[in-house]
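Please treat every number below as a calculation from the coordinates, not as lab data. Everything quoted here is computed from the prediction, not taken from an experiment. Here the Cβ is made from the backbone with ideal geometry for all residues, glycine too, and neighbour counts use every protein chain on show.
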Amino acid sequence: MLHIADYGRLMDWIVDTFAPTQADKIVHTYVGLAIWLGAGVLLRRPLASRWPLIAVIAAETFNELYDYFFRTLWSWQDTKGDMLATWFWPFLLFAALRWLPWLTARVKD
């Protein structure tokens, strides 16, 4: 079972491994996309379905609640930036796939 301290270490490891010299917003962007795609695969839902997007929103909300309750340096400005970085591309791609159907139309050769 994943405990609070383990979650914190996992988050630190992800940031240190995948973007050691970058701002954490880059990691939020990549992880948001990974969760969105992974949720689509695991839930066996198309990416135009709301469920993969809900998974991204839930995961980021949990992450920000963890930061609020268990990290010493928390700020509303940082939280808003994290949410925007995590949710932006999954939401934009979801909206494009859902409301611009010609993006996924098959081309006949």
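What distance in nm separates the two pseudo spin-label positions at I26 and R44, each 7 Å out from Cα along the beta-carbon direction?
Between I26 and R44, the simple spin-label model gives 3.8 nm.
In nm, give the distance between the simple-model label positions of A96 and L65, each being 7 Å from the Cα along the Cα-to-Cβ direction.
The two pseudo-label positions are separated by 3.2 nm.
Compute, for segment 25-98, the length of the dipole vector about the Cα centre, with Cβ point charges of +1 (Lys, Arg) and -1 (Asp, Glu) only. Units Debye, rounded to 20. Walk me through the intermediate numbers first.
Details: 7 positive and 5 negative charges, 72 e Å.
So the dipole magnitude of segment 25-98 works out to roughly 340 debye.
Give me the one-decimal nm value for the distance between modelled label points at L73 and Y7, 7 Å along each residue's Cα-to-Cβ direction.
With each label placed 7 Å out from Cα toward Cβ, I get 2.1 nm.
When the chain is treated as a GNM, springs tying every alpha-carbon pair under 10 Å, which of W87, W36, W13 comes out with the largest mean-square fluctuation?
W13
Percent relative contact order of the chain, based on C-alpha pairs within less than 8 angstrom and at least six residues apart? Write out the running numbers ahead of the final one.
Values: 81 pairs, mean separation 31.6, N = 109.
Relative contact order of the chain: 29 percent.
Among L47, L92, which comes first, then next, by fewest other beta-carbon atoms within 10 Å?
Ranking L47, L92 by Cβ neighbours within 10 Å, fewest first, gives L92, L47.
Translational D (Stokes-Einstein, µm²/s) of the chain at 25 °C and 0.890 mPa s when Rh comes from the Kirkwood sum over C-alpha pairs? Walk me through the numbers on the way to the answer.
On the way: Rh = 15.2 Å.
In µm²/s, the coefficient is 162.
In the Gaussian network model of the chain, springs joining C-alpha atoms below 10 Å, which of V56, V27, V15 carries the largest mean-square fluctuation?
With Cα springs under 10 Å in the chain, the top fluctuation among V56, V27, V15 is at V15.
Would you order S49, S75 from fewest to most other beta-carbon atoms within 10 Å of each residue's own beta-carbon?
On the way: S49 16, S75 10.
Ranked by crowding around the Cβ, least crowded first: S75, S49.
Using a Förster distance of 22 angstrom, determine the FRET efficiency expected from the C-beta separation of R106 and I54, and round it to 0.05.
About 0.20, to the nearest 0.05.
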